[in-house]
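**Student:** Can you read through this structure? Questions will come right after.
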Amino acid sequence: MRHKWSLALRLAGPLAAMVLGGGPALADGASPLFLVDSQFEDLRTTVHRIDPASGALTPLVDLGTDHTPVLGMAAASGRVLYLTGSDTSPADACQGQRSCVLMRLVLPAAAADPAELTVIGPVRTPSGVVTEIVGLNFDTDGMLYATSQASGGLYVVDPATGTARHVGTVDVEVHGGDVTFDAGRRLWLWTNIGAGSGLYQLDASTAAASAFELHANLDLAGLTALGHSNLLYGAHPPSDRLYEFDADTGFTGRTVLMTLDGGRFDHKRGDLDSPYCADDAACDDGIPCTEDVCTPGGCRRRVASACVLEEICPCDGPWRNHGEYVSCVARAGGQIRAGRRSLVSEAARSSCGRNGTDPGPSAAPRPRRLRR
């Protein structure tokens, strides 16, 4: 059973939490970086936005103590976060362990607006509840990937229900850390296992791990690719610093101190994440004929009714090559019920996108209307 609370209200029941700051959307549409922090002493969990350049934190929401610790976080957009928290109620859904309850947090659009938390329920496979979820990240298909330090498993999780499929057991010990997908859809794991701590590349279909760059005894509480690019950040609680990595070359040598209100932020445990896109506006391709939507798996575009193909894929580009033009037509043609094959064939025969060494046919394609 799902429960929903408005976090700006004082509540008689669980989660008497409050909004701490302004909305997370960035003015330039860039993908934000989020940190969730769960303290040891007061068992309080808070969500912040971080500027990776300066390390400055902006507090967003205080989730209170009912689901501390929260050890996993995946950003679906600049306002929607999925968290895996604990169950401190008598029901004890995590069966004496932690971080098994999937929750959906909608951040406020402005400081005066309420945040909203929906408890989806325990993450479950047919064999039982998945506990100690420390890694959480969205793939381009909009599904959640999760790692558990209790089972050592890699899972695919339905974010709507919490139902999970066990992909496989990671063949290196999973302890803390996180998982993240980069720009090439490579899945990265950070695990804290002493001499073997560091970055591993995971096979998303088998959970097989390959060591990429080890950093002995460097314990990170979160790892994420900023906007699912190849620029990675990890949170290091002992030093309260962000560590920067390149997915192709490894540690860049750059770290930055996390600060709150000008002072050092005492990060204890939690997670980092960054979405593919901040919001629908960030996905706007400037073509009036397409409807652009930010989803957990990234920007999705749908051709509006009765659009002219030339408006979506103009012959004169700019295109890097002819193949890029043909790919645009293939994507646009996929939005209609019939005629896609003929559209692509016509595009392939055209001169659109060809350079001087490959002029091809001289005729530009005729404008075609796409109807759903």
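Each value in this text was obtained by applying a stated rule to the coordinates, not by laboratory testing. Remember, predicted model here, so these are calculated numbers, not experimental data. Note: ideal-geometry Cβ built from the backbone for every residue, glycine included; neighbour counts use all protein chains shown.
**Student:** Modelling each spin label as a point 7 Å along the Cα-to-Cβ direction, I'd like the ASN217/LYS268 distance in nm, to one decimal.
**Tutor:** Modelled inter-label distance: 2.4 nm.
**Student:** In addition: Check LEU71: other-chain or 5+ apart residues with amide H under 5 Å from its amide H, H built from backbone geometry?
**Tutor:** Amide H to amide H, under 5 Å and 5 or more residues apart or across chains, LEU71 pairs with THR84.
**Student:** May I pose another question? Would you please give the residues with an amide H less than 5 Å from that of ALA56, counting only those at least 5 places away or on a separate chain, with H modeled from the backbone geometry?
**Tutor:** Residues meeting the criterion, in which the H sits 1.01 Å from N, are ASP51, THR259.
**Student:** When the Karplus curve 6.51 cos²θ - 1.76 cosθ + 1.60 is applied with θ = phi - 60°, which whole-Hz ³J(HN,Hα) does each residue of region 63-78 get, with x for Gly and Pro?
**Tutor:** Here the 3J(HN,Hα) series is 8, x, 10, 5, 10, 7, x, 9, 10, x, 8, 9, 8, 7, 6, x Hz.
**Student:** Follow-up question, since we're still on this one. So what are the ³J(HN,Hα) numbers for region 205-215, from phi and the Karplus equation (6.51, -1.76, 1.60; θ = phi - 60°), rounded to whole Hz, Gly and Pro as x?
**Tutor:** Ordered by residue, 3J(HN,Hα) equals 9, 10, 6, 5, 10, 10, 5, 10, 8, 9, 9 Hz.
**Student:** Once you order the gyration tensor axes a ≥ b ≥ c over the Cα atoms, which shape class does region 29-115 get: rounded for a/c under 1.5, otherwise prolate or oblate by comparing a/b with b/c?
**Tutor:** Cα axes put region 29-115 in the prolate bin.
**Student:** Provide the FRET efficiency to the nearest 0.05 for the SER89-ASP141 pair, computing r from the beta carbons and using R0 = 35 Å.
**Tutor:** 0.60
**Student:** Over region 138-247, what is the relative contact order in percent, taking alpha-carbon pairs closer than 8 angstrom and at least six residues apart?
**Tutor:** Over region 138-247, the number comes to 19 percent.
**Student:** Taking the highest mean first, how do the peptides 348-355, 249-256, 197-204 order by number of other beta carbon atoms within 10 angstrom per residue?
**Tutor:** Per-residue mean Cβ counts within 10 Å order the peptides as 197-204, 348-355, 249-256.
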